[in-house]
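Colleague: The structure follows.
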Amino acid sequence: MEMPSRTVEIIMLGDGLSGKTTLLKAIATEIALLEYEHYLREKKQKIPNEVTNLDIMLKDSEYDSWLREKNPNVHSYLHTNLKTGTLGIETINFLLKDPKHNGVIKLKGYDLGGQNIYDHLRKVLSGLATLRTKLIAVFDSTRRMSCKNSLRQIKQQLSIIRSKQQTNNPFIFVFNKIDLKEILSDTAFQEKFSKSVMNRFDALKRHGLTLNIPHLLDSSQFITIQLPKSDEIGFENLEAIIYDTFRQEFIPKHRDIITEENAKALARELAYLLMKDSNGLEGTETLLRLEQIIFAERPLALQYLKNLVLNSDKKNLELKDYLQLLRMRYEEFVIDLKDVTSERIKSLLELSLHIEPILKEVQATYKGPMFRTNALGREGIRELLHHLIEHSEVVTENVRKVRLRSLK
Ligand SMILES: Nc1nc2c(ncn2[C@@H]2O[C@H](COP(=O)(O)OP(=O)(O)O)[C@@H](O)[C@H]2O)c(=O)[nH]1
Ligand SMILES: [Mg+2]
């Protein structure tokens, strides 16, 4: 007879690069560790202590094969390479032992690319949500605008779900990247960072600037871009300069926390805030257009030059032609660097980190449980996993069919 099973269904929500996939990898890692203990116990082997167990587990090739066979999706998330980002949809199907009920818990669901181009898929997914689906909404606690986009997704999902069913609160909120927030909040960091960005702006104003942007797929290769002397700068170069500051001066020291993707995402956020602040764009059509572009796509536009040309007979353009095409695309988004100071850069960084208003709005409006996590360092993940386990339910196929039918 099959072991009794309980199920939790989850759908990951949240802006691109907020950490959804990393969170799933962290959950898979916690599950793999729990399963490792059971595995060792069954084999009557010694259980390593908490500090070293991850290293030991990862080196245990017998366990690795065992996991691949018994729990393939946990195995694949454990080894997933996050660099490529989530495109389209991923299914989740994690299994773990349920000692309390002497059975198995299934953690099932979907992870989506966060960009707004996936909004239509998100709608389809929410339509599939059942009464017990938990929507895990992930926020990047270092990027205020990104949090707003996560919130926008929640509002959209809720309207779909509300119109379909009366349900308990389906949301779980995760405020992620608490480790990154700590670094960026440090006053000495902020001083140094804003001065470094300002130095680059000054160089651009005085004699021009050369940027070396690593290739998207091969970071040992670079795209070299010469920016001629100018007081004005377009959005695409603004985000590139801020990214370059992170890459050259801060990533080397904080590689485990300021990842490449974090640097790009923050650069986009800060470039957006600077643009909005400098041009008094608040509430204008131009700002809406900029938001549409930047939330629909991945940051660091300069790395996606070739995407600008869909027409196949134009594929052999030179770099300068691609840059010209990009410039045309961002034509209306330009600022004058004359009024930019390092104090302003610093205060915009602080603004980006100031997500409390959004956190409060989320709490007041939706009242779901809230977790603060560092998905990369697996802080706060066990608590989240326990919460999910506590909310697992016994599901028999019949119940499921009835529930799905009642939704139609
Ligand atoms: N420092 C830090 N970086 C994180 C954390 N969670 C995710 N990241 C990084 O943020 C970037 C985007 O993460 P990813 O999971 O791909 O985001 P997704 O688009 O929401 O799936 C990656 O470079 C991750 O390494 C975290 O808690 N702390
Ligand atoms: Mg992802």
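Colleague: Go through region 216-266 and give me each residue that's touching a Leu at 6+ places or on another chain (Cβ under 7 Å) and small (Gly, Ala, Ser).
Modeller: 230, 240, 265
Colleague: Only one of (1) over 25 Å from the mean Cα position of the chain (by Cα); (2) open to solvent by less than 90 Å² (accessible area, probe 1.4 Å); (3) modelled with pLDDT of 90 or more fails for residue 94. Which number is that?
Modeller: Checking residue 94 against (1) over 25 Å from the mean Cα position of the chain (by Cα); (2) open to solvent by less than 90 Å² (accessible area, probe 1.4 Å); (3) modelled with pLDDT of 90 or more, the one that fails is (1).
Colleague: Continuing with the same structure: In region 262-272, what residues are under 19 Å from residue 212 (Cβ atoms) and out of contact with any Lys or Arg (no Cβ under 8 Å at 6 or more places or on another chain)?
Modeller: 267, 268, 271
Colleague: To continue, here is another question. Look through 300, 266 and report the one residue that is at positive phi and within 16 Å of ligand 1 (Cβ to nearest atom).
Modeller: On the way: 266 fails: at positive phi.
Sole residue among the options that is at positive phi and within 16 Å of ligand 1 (Cβ to nearest atom): 300.
Colleague: Of the conditions (1) in a strand (DSSP E or B); (2) open to solvent by 20 Å² or more (accessible area, probe 1.4 Å); (3) touching a helix residue (DSSP H, G or I) at 6+ places or on another chain (Cβ under 6 Å), residue 224 satisfies every one except a single condition; which number is it?
Modeller: (3)
Colleague: Would you say residue 17 is surrounded by 19 or more Cβ atoms within 10 Å (Cβ to Cβ) and modelled with pLDDT of 95 or more? Steps first, please.
Modeller: Numbers: surrounded by 19 or more Cβ atoms within 10 Å (Cβ to Cβ): yes; modelled with pLDDT of 95 or more: no.
In short, no.
Colleague: Within region 47-58, track down each residue that is open to solvent by 10 Å² or more (accessible area, probe 1.4 Å) and under 17 Å from residue 381 (Cβ atoms). Give the derivation first.
Modeller: Initially, region 47-58 is screened for residues open to solvent by 10 Å² or more (accessible area, probe 1.4 Å), giving 47-56, 58.
Listed by number, the residues that qualify are 50, 51, 53, 54, 58.
Colleague: Go through region 60-78 and give me each residue that's surrounded by fewer than 14 Cβ atoms within 10 Å (Cβ to Cβ) and under 25 Å from the mean Cα position of the chain (by Cα). Show your work before the answer.
Modeller: First, pick out the residues of region 60-78 that are surrounded by fewer than 14 Cβ atoms within 10 Å (Cβ to Cβ): 61-62, 65, 69-70, 72.
Result: 72, single match.
Matching residues to (1) more than 8 Å from ligand 1 (Cβ to nearest atom); (2) closer than 17 Å to residue 58 by Cα:
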residue: 9; (1), (2): yes, no
residue: 13; (1), (2): yes, no
residue: 16; (1), (2): no, no
residue: 21; (1), (2): no, no
residue: 25; (1), (2): no, yes
residue: 29; (1), (2): yes, yes
residue: 32; (1), (2): yes, yes
residue: 38; (1), (2): yes, yes
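Colleague: Kindly indicate whether any position in region 204-212 is modelled with pLDDT of 95 or more, of a type in the set (D, E, K, R), open to solvent by less than 10 Å² (accessible area, probe 1.4 Å) and assigned to a helix (DSSP H, G or I).
Modeller: Filtering region 204-212 for residues modelled with pLDDT of 95 or more gives 204-212.
With the extra rule that they be of a type in the set (D, E, K, R), the set shrinks to 205-206.
Restricting the remaining residues to those that are open to solvent by less than 10 Å² (accessible area, probe 1.4 Å) gives none.
No, region 204-212 contains no residue that is modelled with pLDDT of 95 or more, of a type in the set (D, E, K, R), open to solvent by less than 10 Å² (accessible area, probe 1.4 Å) and assigned to a helix (DSSP H, G or I).
Colleague: Follow-up question, since we're still on this one. Select, from 173, 193, 201, 189, the only residue that is in a strand (DSSP E or B) and open to solvent by less than 30 Å² (accessible area, probe 1.4 Å). Walk me through it before giving the result.
Modeller: On the way: 193 fails: in a strand (DSSP E or B); 201 fails: in a strand (DSSP E or B); 189 fails: in a strand (DSSP E or B).
None of the others qualify; the one that does is 173.
Colleague: Another one. Scan (1) away from ligand 2 (no atom under 16 Å from the Cβ); (2) open to solvent by 10 Å² or more (accessible area, probe 1.4 Å); (3) touching a residue at least 24 places away in the same chain (Cβ under 8 Å) for the single condition residue 44 breaks and write down its number.
Modeller: (3)
Colleague: When you go through 257, 294 one by one, which is the residue that is at pLDDT 95 or above and under 22 Å from residue 177 (Cβ atoms)? Full working, then the answer.
Modeller: Working: 294 fails: at pLDDT 95 or above.
After ruling out the rest, the residue left standing is 257.
Colleague: Does any residue of region 363-377 turn out to be within 16 Å of ligand 1 (Cβ to nearest atom) and part of a helix (DSSP H, G or I)?
Modeller: To start, the set of residues in region 363-377 that are within 16 Å of ligand 1 (Cβ to nearest atom) comprises 370-377.
If we keep only those that are part of a helix (DSSP H, G or I) too, we end up with none.
No: zero hits.
Colleague: Go through (1) without any contact (Cβ under 8 Å) to a residue 24 or more places away in the chain; (2) within 16 Å of ligand 2 (Cβ to nearest atom) one by one and return the number of the condition residue 27 breaks.
Modeller: The one condition residue 27 does not meet is (1).
Conditions (1) at pLDDT 90 or above; (2) within 26 Å of residue 191 (Cα to Cα), marked per residue:
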position	(1), (2)
346	yes, yes
368	no, no
371	yes, no
374	yes, yes
380	yes, no
385	yes, no
392	no, no
396	no, no
400	no, no
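The values are calculated or read from the model by the stated rules, or taken from the named source; none is laboratory data. Being a predicted model, the structure only gives us computed values, none of them experimental. Neighbour counts are summed over all protein chains in view; Cβ atoms, including those assigned to glycine, are modelled from backbone coordinates with ideal geometry. For accessibility, only protein heavy atoms count, side chains too; no ligands or nucleic acids. Shrake-Rupley method; radii C 1.70, N 1.55, O 1.52, S 1.80 Å.
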